[in-house]
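The values are calculated or read from the model by the stated rules, or taken from the named source; none is laboratory data. Everything numeric in this text was worked out from a predicted model, so none of it was measured. Here the Cβ is made from the backbone with ideal geometry for all residues, glycine too, and neighbour counts use every protein chain on show.
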Amino acid sequence: MTALSGDVGAGSREQGASSQGDRPIIEMRKATRILPGTVPVTLVADIDLVIGRKEFVAITGPSGSGKSSLLYLLGLLDVPTTGEVLVEGRDTSHFDDDERAAVRLATLGFIFQFHFLLPEFTTTQNVMLPMRALGRLPLRQMKERAEGLLAALGLQDHLAKRPDQLSGGQRQRVAVARALANDPPVILADEPTGSLDSKSSEQVFGILRDLVDRDGRTVVAVTHAMELADRMDRRVHLVDGRIVSDERQLQPAQSRPG
Ligand SMILES: Nc1ncnc2c1ncn2[C@@H]1O[C@H](COP(=O)(O)OP(=O)(O)O)[C@@H](O)[C@H]1O
Ligand SMILES: [Mg+2]
């Protein structure tokens, strides 16, 4: 357990690893998403994708290639027109909105390019929101956990500030803390460093790396920054809504013993 992990009343990842074995954490089978209309728009087509535990996956591709669409399908924020999305082995095809929301809250954390923090709430209150929605902890423990997450991300001096009192990099770290609120095994990020300066971008990237290496989470991040994608462990490349390559990349740290 690191400072970014913690008990939120769910089973721990370590227990999960032995009981759930190598079962993929998210799996897409022949998923296609078509927006209906006079001229239907195909967002992604024929996606087969298996995402395992402790993976650090980059989704790359030109602008408009369907990266965000794919991430929203993986995150149950959108539903494929045909095909299936399985989360922890469960086929979500026939889930209603509430069932999808429940899986999202407990299993998936989201980070977007623009932080989407609530402007009238403090950083601590923003991080508590997903915990309140899940409702597994007493309020006092929610607050303690939120403060702990923020402190672990270097924001201990900003607990009572509102988003407009923070820098872009600080806001994005609050968004990371919020994504971790319910201790989800998976973080899905859409251009998480896309609006940050290079120093903040490096800091947020380092945090994502740690979520995989230290916490044993899975991180799937859309990025068009090749120098970041190259430093992730796997790269899924999209062109015109289809996966054209899916390659594992060995990182220097992984080739060292221990
Ligand atoms: N609501 C929408 N209506 C019409 N076209 C859309 C809509 N959302 C996305 N698209 C189109 O679908 C394609 C994929 O979009 P997106 O997943 O956002 O790509 P990316 O994230 O790779 O830039 C793009 O060509 C985009 O213009
Ligand atoms: Mg996008």
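A compact table of results
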quantity: Tally, over region 105-137, of residues that are buried (at least 16 other Cβ atoms within 10 Å of the Cβ), within 16 Å of A175 (Cα to Cα) and either acidic (D, E) or in contact (Cβ under 8 Å) with a residue 24 or more places away in the chain (or both); calculated: 18
quantity: Selection within region 204-227 - within 15 Å of ligand 2 (Cβ to nearest atom) and either buried (at least 21 other Cβ atoms within 10 Å of the Cβ) or assigned to a helix (DSSP H, G or I) (or both); calculated: V220, A221, V222, T223
quantity: Strands (runs of 3 or more DSSP E) contained entirely in region 33-100, each with at least 1 residues that are within 16 Å of ligand 2 (Cβ to nearest atom), touching a residue at least 24 places away in the same chain (Cβ under 8 Å) and among the β-branched types (V, I, T); calculated: 41-51, 56-60
quantity: Checking L118 against (1) away from ligand 2 (no atom under 14 Å from the Cβ); (2) closer than 15 Å to D190 by Cα; (3) among the hydrophobic types (A, V, I, L, M, F, W, C); (4) not in a strand (DSSP E or B), the condition it does not meet; calculated: (2)
quantity: Subset tally (residues that are over 16 Å from L238 (Cβ atoms) and of a type in the set (S, T, N, Q)) for region 46-88; calculated: 2
quantity: So D78, is it under 26 Å from A133 (Cβ atoms) and more than 19 Å from the chain's Cα centre (by Cα); calculated: no
quantity: Residue satisfying all of: in region 228-243; buried (at least 17 other Cβ atoms within 10 Å of the Cβ) and among the aliphatic types (A, V, I, L, M); nearest to G66 (Cα to Cα) among these; calculated: L238
quantity: Per-region count, region 173-203, residues surrounded by fewer than 23 Cβ atoms within 10 Å (Cβ to Cβ) and assigned to a helix (DSSP H, G or I); calculated: 6
quantity: Members of region 151-175 that are modelled with pLDDT of 95 or more, hydrophobic (A, V, I, L, M, F, W, C) and closer than 22 Å to D190 by Cβ; calculated: L155, L166, V174, A175
quantity: Within region 44-78, considering residues that are under 15 Å from G241 (Cα atoms) and more than 13 Å from ligand 1 (Cβ to nearest atom), the one surrounded by the most Cβ atoms within 10 Å (Cβ to Cβ); calculated: L49
quantity: Residue match in region 145-162 (condition: in contact (Cβ under 8 Å) with a residue 40 or more places away in the chain, of a type in the set (S, T, N, Q) and in a helix (DSSP H, G or I)); calculated: no
quantity: The lone exception for V57 - which of (1) of a type outside the set (D, E, K, R); (2) more than 12 Å from the chain's Cα centre (by Cα); (3) more than 25 Å from L166 (Cβ to Cβ) it fails; calculated: (2)
